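Any read-out appearing in this document is the output of simple, stated calculations on the displayed coordinates, not a laboratory observation. Everything numeric here is computed off the predicted structure, so don't read it as measured data. Virtual Cβ from ideal backbone geometry, glycine too; neighbours counted across all protein chains shown.
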Amino acid sequence: MEKREKLYEGKAKIIYATDVNDLVIQHFKDDATAFDGVKKDTVLGKGVANNNISSKLFTLLEKEGIKTHFEKKLNENEMLVKSVEIIQVETIVRNISAGSFCRKYGVEEGIVFDKPTVEFSYKSDEFHDPLMNDDHIRVMKLATEAEIDEIRTKALQINEILKKFFDSIGIIVVDFKLEFGRYKGEVILADEISPDTCRFWDKETKKKLDKDRFRFDLGDVEETYAEMMKRIGG
Ligand code: UDP
């Protein structure tokens, strides 16, 4: 597999072309950003941790019947993935109140919901990822009604699989963000699943084990990514 030119560079990842038509390389960087890119730093070892964690979680989801873009882990920082057309909608699942939910609705962190919530936002740095409902997604032609239904169903299935797995290693899944892409007429899970895109709390101590440690300068940032990689066994 020969690595070719850089196709896209985002805040935390780079996509490279390969000599195989519909496969690309997803490279995980140590760069960390928060608050719309206002806070920036390097978190040593984050790229390796997120690549290993995402590889492990995509493998778990595939085993449970969820189609993903994941092909295989290539090396410590890179995975081989299917080249998808990313749907420009972020899907967020919440089990417990945190982050923007608390800010938006003025509620405390840590309220356990009786059923998970699914919400969508427009994947646009320029417009700061505004919340969208199904109708907005449809009229903006970001996805069809059938695709939205499929994404919501898959997001909730993924939540059940992740909650069960993380519970077995003493971790609570608070919330997470997913991105889906179109591939050969199907909608499949893409992007990453990592402490950058999820909130994880230790079941016993309630210690935050995710990017909130970076966002709010809580300390142990590098150590937390390394610990999560170890606990997940990526
Ligand atoms: N999230 C993400 N990318 C985004 C927005 C959110 O990965 O652009 C993740 C975030 O890490 C958290 C979940 O989605 O696990 C819910 O984020 P929230 O809406 O609470 O926003 P935040 O507090 O990060 O501003």
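Here is how the numbers come out for the structure above:
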quantity: Options 119, 109: the member that is under 30 Å from residue 205 (Cα atoms) and in contact with a Cys (Cβ under 6 Å, 6 or more places away or on another chain); calculated: 109
quantity: Unmet criterion (only one of (1) more than 19 Å from residue 120 (Cα to Cα); (2) near the ligand (Cβ under 10 Å from one of its atoms); (3) of a type outside the set (Val, Ile, Thr)) for residue 179; calculated: (1)
quantity: Counted residues, the range 163-190 - those being touching a Phe, Trp or Tyr at 6+ places or on another chain (Cβ under 8 Å), over 22 Å from residue 215 (Cα atoms) and assigned to a strand (DSSP E or B); calculated: 4
quantity: Only one of 147, 126, 160 that is over 15 Å from the mean Cα position of the chain (by Cα), free of Cβ contacts under 8 Å to residues at least 40 places away in the same chain and assigned to a helix (DSSP H, G or I); calculated: 160
quantity: Search result, residues across the range 91-123 that are of a type in the set (A, V, I, L, M, F, W, C), touching a residue at least 24 places away in the same chain (Cβ under 8 Å) and closer than 21 Å to residue 216 by Cα; calculated: 92, 96, 98, 101
quantity: Odd one out for residue 108, checked against (1) within 20 Å of residue 154 (Cβ to Cβ); (2) touching a helix residue (DSSP H, G or I) at 6+ places or on another chain (Cβ under 7 Å); calculated: (1)
quantity: Residue check for residue 53: touching a Gly at 6+ places or on another chain (Cβ under 6 Å), within 16 Å of the ligand (Cβ to nearest atom) and over 15 Å from residue 198 (Cα atoms); calculated: no
quantity: Within the range 129-142, considering residues that are within 13 Å of the ligand (Cβ to nearest atom) and in a loop (DSSP other than H, G, I, E, B), the one surrounded by the most Cβ atoms within 10 Å (Cβ to Cβ); calculated: 129
quantity: Residue match in the range 68-84 (condition: among the hydrophobic types (A, V, I, L, M, F, W, C) and within 15 Å of the ligand (Cβ to nearest atom)); calculated: no
quantity: Scan of the range 191-233 for residues that are more than 24 Å from residue 102 (Cα to Cα), touching a strand residue (DSSP E or B) at 6+ places or on another chain (Cβ under 9 Å) and part of a helix (DSSP H, G or I), ordered by number; calculated: 228, 231, 232
quantity: Whichever residue in the range 106-119 is away from the ligand (no atom under 11 Å from the Cβ) and more than 19 Å from residue 215 (Cβ to Cβ) and, among such residues, is farthest from the chain's Cα centre (by Cα); calculated: 106
quantity: Test: residue in the range 167-180 that is crowded, with 17+ Cβ neighbours inside 10 Å, more than 18 Å from residue 96 (Cβ to Cβ) and touching a residue at least 60 places away in the same chain (Cβ under 8 Å); calculated: yes
